[in-house]
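**Student:** First the structure, which I've put down as structure tokens, then a few questions once you've had a look.
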Amino acid sequence: MKNLIVKAIEEKRLISLTYDTLDRVVEPHACGISTKGDQTLRCFQIKGEHASKKHHDWMLLKFSKISNLQILEKKFDNPRTGYKKGDKAFEIIYKEL
């Protein structure tokens, strides 16, 4: 999974995935080991379901809760507004935009 997510970040390609049984499409921006010790993806959700009534927004997703991950053909151009390189949620960053 790590290698697929890194590839998607490098190529700025959307990811389709299931997280906690909810289907989502996200723009991956960074991945690594979070300050809590989990392999984690920082992404912006652009489509799909939510656990709350929250609008599409920034999310931290644990690799362990991700299934059905697919890199999509569609690309995104630039980092989303609000993205901060060197994300403080990570202890170790594998890859970031």
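Just so you know, all these numbers are worked out from the coordinates, no wet-lab data involved. Computed from a predicted model, the values in this text were never measured in an experiment. All Cβ positions, glycine included, derive from the backbone under ideal geometry; neighbour counts span all protein chains shown.
**Student:** Say whether the condition of being touching a residue at least 40 places away in the same chain (Cβ under 8 Å), part of a strand (DSSP E or B), among the small types (Gly, Ala, Ser) and surrounded by 12 or more Cβ atoms within 10 Å (Cβ to Cβ) is met by at least one residue in segment 34-47. Break it down stepwise before answering.
**Tutor:** First, the residues of segment 34-47 that are touching a residue at least 40 places away in the same chain (Cβ under 8 Å): 34-35, 37, 40, 42.
Still in the running and part of a strand (DSSP E or B): 34, 40, 42.
Those left that are additionally among the small types (Gly, Ala, Ser): 34.
From what's left, surrounded by 12 or more Cβ atoms within 10 Å (Cβ to Cβ): 34.
Yes, there is a match, as at least one residue in segment 34-47 is touching a residue at least 40 places away in the same chain (Cβ under 8 Å), part of a strand (DSSP E or B), among the small types (Gly, Ala, Ser) and surrounded by 12 or more Cβ atoms within 10 Å (Cβ to Cβ).
**Student:** Filtering segment 14-33 down to residues that are of a type in the set (D, E, K, R) and buried (at least 18 other Cβ atoms within 10 Å of the Cβ), which residue is farthest from Ser67 (Cα to Cα)? First the steps, then the outcome.
**Tutor:** Kept after step one, since they are of a type in the set (D, E, K, R), are these residues of segment 14-33: 20, 23-24, 27.
Then keep just the ones that are buried (at least 18 other Cβ atoms within 10 Å of the Cβ); that gives 24, 27.
Working: Arg24: 11, Glu27: 16 Å.
Ranking the qualifying residues of segment 14-33, first place goes to Glu27.
**Student:** If I filter segment 76-84 for residues that are under 11 Å from the mean Cα position of the chain (by Cα) and touching a residue at least 24 places away in the same chain (Cβ under 8 Å), do I get at least one hit? Before you say what the answer is, go through the steps one by one.
**Tutor:** Within segment 76-84, the subset under 11 Å from the mean Cα position of the chain (by Cα) is none.
Checked against the condition, which is being under 11 Å from the mean Cα position of the chain (by Cα) and touching a residue at least 24 places away in the same chain (Cβ under 8 Å), segment 76-84 yields no hits at all.
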